[in-house]
Amino acid sequence: MCRNVAFFVSVAFAAAGTFAVPANAGIQNCLAERATPQSSVQSTSLFFSNQRGGSAQIYWIDFAGHRRLYRILNAGESFSQQTFAGHVWVVADEQSNCLFVVTASASPETVNIF
């Protein structure tokens, strides 16, 4: 379940410049958490950078549709995650409330969490 929080998401694509999602669109994207990841052999990566004031929880959605916690990022921390195109990732707040969902593309991406 998503709650209305103030944040701004910027996803920078390696080859395509920067794509920005306004706060209300990010919250609506939480519905995508219900999507089952696509099976893929196309390896890619997501670089998560937490620029929020608080921590962010990074979850992978498994093939049964369940969240699997991969990392808790404190404010200012970042990490790179190998994944596959079509895999679904959830970025949540400290209480595990969805902030937004990222579906990995074939190109490596940077996910800035504001």
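Give me a count of the residues in segment 46-61 that are out of contact with any helix residue (DSSP H, G or I) (no Cβ under 8 Å at 6 or more places or on another chain) and part of a strand (DSSP E or B). First the steps, then the outcome.
Initially, segment 46-61 is screened for residues out of contact with any helix residue (DSSP H, G or I) (no Cβ under 8 Å at 6 or more places or on another chain), giving 46-60.
Now narrow it down to the ones that are part of a strand (DSSP E or B): 46-50, 56-60.
Number satisfying all stated conditions: 10.
Considering only segment 62-114, how many residues are free of Cβ contacts under 8 Å to residues at least 40 places away in the same chain, in a strand (DSSP E or B) and of a type in the set (A, V, I, L, M)? Matching residues across segment 62-114 total 3. Could you say whether any residue in segment 64-71 is buried (at least 17 other Cβ atoms within 10 Å of the Cβ), over 15 Å from N29 (Cα atoms) and touching a Ser or Thr at 6+ places or on another chain (Cβ under 9 Å)? Yes: segment 64-71 contains one or more residues that are buried (at least 17 other Cβ atoms within 10 Å of the Cβ), over 15 Å from N29 (Cα atoms) and touching a Ser or Thr at 6+ places or on another chain (Cβ under 9 Å). Out of the residues in segment 72-114 that are among the hydroxyl-bearing types (S, T, Y) and within 22 Å of L31 (Cβ to Cβ), state the one that is surrounded by the fewest Cβ atoms within 10 Å (Cβ to Cβ). By that ranking, first place goes to S96.
All of the numbers you see were taken from the coordinates with simple rules; none came from a lab. Nothing here was measured: the structure is a model prediction, and the numbers come from that model. When we count neighbours, we look across all protein chains shown, and the Cβ atoms used for this are built from the backbone with ideal geometry, even at glycine.
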